[in-house]
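Q: The structure that follows is given in the form of structure tokens.
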Amino acid sequence: MLDTIYQSVLSGNAPETAQGVQQAIDAGLDPGEILNQGMIAAMAEVGQRFEAGDMFVPEMLIAARAMKEGLAILQPHLVDAGVEPVGKVVLGTVKGDLHDIGKNLVGMMLEGSGFEVIDLGVDVPPEGFVAAIQEHQPQIVGLSALLTTTMPGMQEIIEALVAAEVRDHVKVMVGGAPVTSDFANEIGADAYAADASAAATQAKRLL
Ligand code: B12
């Protein structure tokens, strides 16, 4: 049964994933086991295949969507079973930037790795990140930028976090196609990841 869920996530079959998760719950399987051995294991395989160049963005998105549909069914049972999220991440695309496909994928991979994700959407000004950090008290804030013109916005956000005296309470992770690890170091971010799978790995490292 777990193998069916694993295969459906891996192949990106959302209806089959949802059905498999429901069947597993009905059969009395442990929700944590369904999550870890069925779904997260499959997303880890997706990440590995992506990094190896055997899987591409569209397939990754489809797998992530299947994962999301399965998670929607599993979520209330996970709460019942007392499986605590491993950590909290506030995520958003910086001011002036409307690209969100990569950010959404990062959010899905983080959720798939057990994080609670608070997604602020796109075109988020520095004060939007500050307010969300004050409200939700995440361990990590993830910033996405796809334009060279919006990348400097990341530094402005870090400056705003310092000014609001929350910089010491939150790790800053940055990403997006034009962002590099050198740039991340330059602006004083704590981590950079080139793709959604690496973002999940980095987030776990940051905890
Ligand atoms: C799709 C797209 C759009 C769509 C966006 C739709 C949407 N809902 O997102 C639309 C059509 C709206 C669009 C608009 C524009 N776009 Co555009 N767009 C793209 C395109 C083709 C693909 C981006 C994408 O989704 N890639 C797939 C995802 C999965 O990859 P990704 O975003 O890189 O994300 C991965 C990693 O970067 C990383 N990651 C991403 N975010 C984060 C965050 C964290 C915390 C971490 C750790 C990791 C991480 O993980 C992700 C998953 O693996 C790129 C070309 C490209 N090759 O990037 C151009 C591109 C980014 N766009 C570009 C431009 C110029 C524009 C426009 C200015 C065009 C115009 N003249 O109107 C506008 C700007 C609008 C705005 N204000 O934002 C340029 C930017 C050039 C530059 N040097 O800045 C690019 C590079 C195209 C080009 N070659 O010219 N665009």
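Readers should treat all values here as calculations from the given coordinates under stated rules, not as data from a laboratory. Quantities reported herein were computed from a predicted structural model and do not represent experimental measurements. Here the Cβ positions follow ideal geometry from the backbone for every residue, glycine too, while neighbour counts run over all protein chains shown.
Q: Placing +1 at every Lys and Arg Cβ and -1 at every Asp and Glu Cβ, with all other atoms neutral, what dipole size does the stretch 88-207 have around its Cα centre, in debye to the nearest 20? Provide the component values of the computation, followed by the final result.
A: Numbers: 7 positive and 16 negative charges, 63 e Å.
Value, rounded to 20: 300 debye.
Q: While we're here: By the gyration tensor of its Cα atoms, with a ≥ b ≥ c the square roots of the eigenvalues, what is the shape of the stretch 96-137: rounded for a/c under 1.5, prolate for a/b over b/c, or oblate?
A: Oblate.
Q: Give a quick list of GluC sites (Glu not before Pro) in the stretch 107-190 that DSSP marks as loop, anything other than H, G, I, E or B, with at most 16 other Cβ atoms within 10 Å.
A: Loop-located and lightly packed - E165.
Q: Now, a different point. Two decimals is fine: what is log10 I(q)/I(0) at q = 0.09, 0.16, 0.18 Å⁻¹ for the chain, from a Debye sum with one equal scatterer on every Cα and no solvent?
A: -0.34, -0.98, -1.17
Q: Run the dipole for the stretch 43-84 about the Cα centre, Lys and Arg Cβ at +1, Asp and Glu Cβ at -1, nothing else charged, and hand back the magnitude in debye, nearest 20.
A: 120 debye
Q: Could you tell me what a quarter of the Cα convex hull surface of the stretch 79-185 works out to, in nm² with one decimal place?
A: Average projection, Cα convex hull of the stretch 79-185: 6.6 nm².
Q: Moving on. For the stretch 116-172, what are the per-bin percents of Cα-Cα distances with bins 5 Å wide, up to the bin holding the maximum?
A: Histogramming the stretch 116-172 at 5 Å steps yields 4, 19, 35, 26, 13, 4 percent.
Q: For the stretch 13-121, which chymotrypsin sites (Phe, Trp or Tyr not before Pro) are in a loop by DSSP, counting at most 13 other Cβ atoms within 10 Å?
A: Hits after loop and neighbour filter: F56.
Q: If you take the Cα Rg of the stretch 1-98 and divide it by 2.2 N^0.38 Å, with N the number of residues, what do you get?
A: In units of the globular-protein estimate, the stretch 1-98 measures up at 1.15.
Q: Still on this structure, please answer the following. Report the net charge of residues surrounding D123, where surrounding means a beta-carbon distance below 12 angstrom and charges are Lys +1, Arg +1, Asp -1, Glu -1.
A: 0
Q: Starting with the fewest neighbours, write out T149, T180, T17, T201 ranked by other beta-carbon atoms found within 10 Å of each beta-carbon. Could you put the intermediate results ahead of the total?
A: Working: T149 11, T180 14, T17 31, T201 17.
Arranged by neighbour count, lowest to highest, T149, T180, T17, T201 become T149, T180, T201, T17.
Q: Hull surface divided by four, with the convex hull built on the Cα atoms of the stretch 56-120: how many nm²? Mind dumping the intermediate values first?
A: On the way: hull surface 19.0 nm².
Averaged projected area of the stretch 56-120's Cα convex hull equals 4.8 nm².
Q: Compute the signed sum of charges (Lys and Arg +1, Asp and Glu -1) over the other residues within less than 13 Å, Cβ to Cβ, of Q23.
A: Here the charged neighbours net out to -3.
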